[in-house]
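Undergrad: Okay, here's the structure, questions in a sec.
Nothing in this text is a laboratory measurement; each read-out follows from the coordinates by a stated rule. This is a predicted model, so every value here is computed, not measured. Every residue, glycine among them, receives a Cβ derived from its backbone with ideal geometry; neighbour counts consider all protein chains shown.
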Amino acid sequence: MAVEVCYKVVRDGVERMTFTSKKDADAYDKMLDIAEALEAMLGEIDVPLSDQQNEALALEMAKRKDQFIAALKGGKPTPPNNKAKVTDIKKVS
């Protein structure tokens, strides 16, 4: 019998993703924190977005935060790094 360590990211009582690395789980959890903050900010702007669009946009912005930071600082956004791509949120049963 093998022992396997796994790290689960849980939000509002729902398991979002499971990882075999604590570092990856922490990075994913941080990305969700950023997305949550962005979603709150987007909810306050005067652009008509549905709740679903607001959530999706916030999540995409959080996934590409380094590119957005570079663009907001006036630099050229860097191309996405496909190796460091964070997967989409999926409900795990």
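Undergrad: Toward the positive end of the charge dipole of the range 24-75, about the Cα centre and with charges on Cβ (Lys, Arg +1; Asp, Glu -1), which of Ile34, Val47, Leu72 goes farthest?
TA: The one lying farthest along the dipole's positive direction is Leu72.
Undergrad: Using only alpha carbon pairs under 8 Å that are at least six residues apart, calculate the relative contact order of the range 38-80 and give it in whole percent.
TA: 32 percent
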